Amino acid sequence: MKPEQFFDQGKEFFLDDRQAIADYVRAYEKEEADLVIALADEVVDQSFRFVLRWDMERTTVPVHFEGDIDWIHQPGDDSEWIFAFNRMHFWLTLGQAYALTGDERYAKAFASQLCHWVRTVRREDPRYAKAWRSIEAGMRMEYWTKAMLYFAHSPSITEEVVDTFIASVTEHAEFLMGVWGSYHLMSNWGVLENHGLFIASMILPSSERTAQYQKEAIRRLALEIEIQVYDDGVQWEQSPMYHNHVAHDFLDVLILARRNAIALPPIIATKTRSMCHASFVWQKPNGNSPCMGDSDDIDQRDIVTKGAYLFADPLLKSRASLRFDFDTVWDLGLGALKEYELLPIQESTSPLEVLKESGNAYVRRGQSYLHFHCGTMGAGHGHSDQMHIGLFSHGEDVLVDSGRFTYVAKAERYEFKDCTAHNTTTVDGENFTVCKDSWECSTLTCPINFDACQKGGYQFMQGGHLGYQGKGVFVNRKLVLLQDDLMLVCDEFYAKGAHTYQHYLHFNNAGVVSQEGHSFRYRSSLNDVGVSFLGPERTSAIIPTRISRHYNEAEANQTLRTEIAGEGFTSLFTVISLDKAGEFTPPTAVKVPVFSNFKGIEFPSSLIEAVTLTKGEASYTVVIAHQEWASPTDTFNADGCTGFGRLVVFDRKGGGGGAAVRLHS
């Protein structure tokens with residue numbers, strides 16, 4: 001097929017004006033443009049590393065090939081290198097560098113590498129099985145197509161290159177038509193594959209067969225988004241990174257369908273918008289997604305930005321890029337930017353945002369952001385993170401998820417996946433979820449009791465799990481945000497026998513953790529955070545651990561590990577105070593007895609407890625019931641505060657009993 005016929009099929013794709021987009025990128029995204037050109041130069045030189053923002057498995061160490069490229073070369077013990085290599089995400093850099101510079105070297109390299117891959121990596125040859133996984137086949141369809149469109153009308157894209165491209169895309173489409181099943185229905189693989197099948201149906205010259213590709217891709221995608229995405233918009237695998245990849249693919253489908261008048265089942269748009277809203281909710285103040293499950297620390301605002309544009313959603317725009325970022329402008333074009341600039345912004349008015357079905361709650365107050373998780377693990381990409389707390393304040397992470405580091409079934413996989421890598425608790429030093437290998441677990445943990453609400457200026461969250469029911473222990477966690485810079489956490493352990501309990505807080509390595517008397521401080525250039533405990537006699541230690549913000553990368557950080565012991569019911573209170581660096585105001589916290597107003601007795605701590613906290617001029621008494629206590633008819637008295645309920649906060653600033661807010665009845 002002649003190149004001019006191929007590039008002028010009368011279909012609308014992603015970029016609208018290549019030169020204008022290149023000018024925009026040079027003006028507003030120069031740093032990323034320079035990186036892309038540098039990476040493209042490496043690809044021309046047959047040197048490869050995977051450091052683009054949405055590379056699933058990053059590598060920073062380049063692999064260089066002299067002569068012919070070995071497409072199934074594996075430089076270490078991780079097959080993910082082969083998988084990433086054969087997605088050809090790096091070919092986008094060649095196309096974008098071509099658009100930015102007009103340098104024909106990039107087009108020649110693309111044409112040469114494409115033709116070499118098609119000649120060499122034969123699907124029927126078992127040696128190349130790792131290059132022909134169905135997920136890579138689907139992803140190639142996106143990256144090949146977008147790259148090819150960047151090279152439109154380049155003299156290096158000859159009729160031979162076009163014919164090679166068409167033949168291979170057809171082979172990919174036929175392969176993808178034959179691989180769908182129950183696994184693909186429930187896995188992100190299915191979406192990434194059928195998104196690729198849809199794009200193949202668009203880029204290939206129209207025929208009766210490409211219409212079949214498109215119809216089947218749409219049918220599968222509708223079924224996949226219906227079953228994989230909760231009503232709260234979260235893709236069930238509980239990994240923001242994979243969720244965003246799936247959202248990206250559905251956004252691509254919506255872009256192409258809208259521009260080419262292709263009818264889609266309504267559920268695709270409805271649930272894609274919900275996915276963008278979930279990303280909006282969990283987005284940290286710096287624009288990044290949480291390192292939850294198998295996720296990296298990635299600026300995800302392009303997903304929210306594209307969602308804001310496609311759905312004309314002012315709320316999404318409030319956490320999106322004010323102008324199109326590097327990735328978004330290539331996918332939407334400058335015409336879309338003009339429409340986006342006219343879209344108003346609507347700020348969220350609620351500090352608490354809850355993704356109920358997936359078991360995730362988020363609070364934004366002042367300079368602080370809190371994430372609490374108590375929901376399904378999310379299968380292979382999920383981690384042992386029940387009751388995990390993530391905390392961000394004054395421009396940086398404070399309490400962190402350790403990340404993922406690797407998928408290879410070795411010690412490092414479990415170092416980052418086990419519950420000890422998260423800000424949660426364990427019983428008797430044992431994991432509540434036991435990994436069988438990199439993907440499967442021999443025991444899973446049922447989350448229960450998830451709840452989140454706000455009232456009177458306070459936010460309350462709780463959740464527990466049955467991971468230790470075999471040991472006769474039920475664990476539960478309650479959190480109360482009293483003000484922007486002060487929170488109380490109560491960990492409850494319901495047991496009959498004697499046990500030890502471990503409590504973990506993983507800190508960002510931007511600061512240093514130190515002990516000061518019975519309390520602890522995290523200090524960085526941005527934050528000064530205090531942590532103290534109330535409860536049984538305990539031992540605490542600051543231990544060396546690691547954090548992995550990106551695949552294949554790990555850095556040293558510090559973790560505060562605290563252990564208590566108890567027989568029967570046991571509880572541990574944690575007070576966390578957040579201040580800007582140089583403005584630390586130490587809080588005080590004491591447990592106070594709780595009395596029955598009706599019976600005139602002191603309640604045992606196994607029934608109900610109270611803590612009085614003071615910070616600066618603020619003072620609160622928080623009463624937390626662990627069991628039913630009001631029999632036959634009763635109210636409690638704690639430090640002069642009278643009330644009723646399972647969790648009640650008294651504002652003591654004015655002295656006396658204070659104003660009561662019942663957060664949990």
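The values are calculated or read from the model by the stated rules, or taken from the named source; none is laboratory data. Quick caveat: nothing in here was measured; it's all calculated off a predicted structure. Here Cβ is always computed from backbone atoms with ideal geometry, including for glycine, and neighbour counts include all displayed protein chains. Accessible surface areas use protein heavy atoms only, side chains included; no ligands, DNA or RNA. Shrake-Rupley method; radii C 1.70, N 1.55, O 1.52, S 1.80 Å.
Solvent exposure of the chain, expressed per residue, is 36 Å² of accessible area, with all protein chains present and a 1.4 angstrom probe. To the nearest 10, the accessible area of Arg404 is 0 Å² with a 1.4 Å probe. Assuming a ≥ b ≥ c are the square roots of the Cα gyration tensor eigenvalues, decide whether region 324-475 counts as rounded (a/c under 1.5), prolate (otherwise, with a/b larger than b/c) or oblate. Oblate.
Rolling a 1.4 Å probe over the protein chains gives Leu185 an accessible area of about 40 Å². For Val408, no residue 5 or more places off, or on another chain, has a built amide H under 5 Å of its own.
Sparse packing (at most 11 other Cβ atoms within 10 Å of the Cβ) combined with a DSSP loop state is found for the following GluC sites (Glu not before Pro) in region 99-164: Glu124.
The stretch between Lys471 and Ser47 holds 147.3 nm of extra length on full extension. This uses 0.36 nm per residue minus the Cα-Cα distance. Straight-line reach from Lys436: which aspartates and glutamates fall under 16 Å, measuring Cα to Cα and dropping same-chain residues less than 8 apart? Once the sequence-local aspartates and glutamates are set aside, what remains near Lys436 is Glu412, Glu415, Asp418.
Classification of region 479-618 by its C-alpha gyration tensor yields an oblate form. The axis ratio a/c (a ≥ b ≥ c) is 1.5 or more, and b/c is at least a/b.
Given axes a ≥ b ≥ c from the Cα gyration tensor, I'd like to know whether region 110-166 is rounded (a/c under 1.5), prolate (a/b larger than b/c) or oblate. Oblate shape, in that a/c is at least 1.5 and b/c is the bigger or equal ratio. Taking the protein heavy atoms of the chain in the context of the full set of protein chains, the accessible area attributed to carbon and sulfur is 51 percent at 1.4 Å. Cross-link pairs exceeding 25 Å in C-alpha to C-alpha distance, out of Lys271/Lys455; Lys284/Lys356; Lys317/Lys417, comprise Lys271/Lys455; Lys317/Lys417.
For region 561-577, 3J(HN,Hα) computed residue by residue from phi via the Karplus equation (6.51, -1.76, 1.60; θ = phi - 60°) reads 10, 10, 10, 10, 10, x, 10, x, 5, 9, 9, 9, 9, 10, 9, 10, 10 Hz, glycine and proline entered as x. Calculated translational diffusion coefficient of the chain (37 °C, 0.692 mPa s; Stokes-Einstein with Kirkwood radius over alpha-carbon pairs) equals 123 µm²/s.
Once you reduce region 54-118 and region 250-316 to the center of their Cα atoms, the two points are 27 Å from each other.
If the reach is capped at under 16 angstrom between alpha carbons, list the aspartates and glutamates near Lys130, excluding any in the same chain fewer than eight residues apart. Straight-line reach from Lys130, under 16 Å: Glu57, Asp70, Asp77, Asp78, Glu80, Glu193. Once backbone amide H atoms are built at 1.01 Å from N, Phe432 has Cys419 as its partners under 5 Å, excluding neighbours fewer than 5 places away on the same chain.
Using only the alpha-carbon atoms, how far is helix 301-310 inclined from the longest principal axis of the chain? Give it as 0 to 90 degrees, nearest 10. So the inclination is approximately 70 degrees. Between the helical axis of 188-203 and the dominant principal axis of the chain, each derived from Cα atoms, what acute angle in degrees is found, rounded to the nearest 10? That helix lies at roughly 30 degrees to the long axis.
Straight-distance candidates among the aspartates and glutamates for linking to Lys580, with alpha-carbon spacing under 19 Å and chain neighbours fewer than 8 residues away dropped: Glu396, Asp397, Asp484, Asp485, Glu516, Asp528, Glu617. Using a 7 Å offset from Cα along Cα-Cβ at Arg122, what residues in region 73-88 end up with backbone N under 19 Å from the label point? Under cut-off, by backbone N: 73. Loop-located GluC sites (Glu not before Pro) in region 517-565 (DSSP state not H, G, I, E or B) with no more than 12 neighbouring Cβ atoms inside 10 Å: Glu537.
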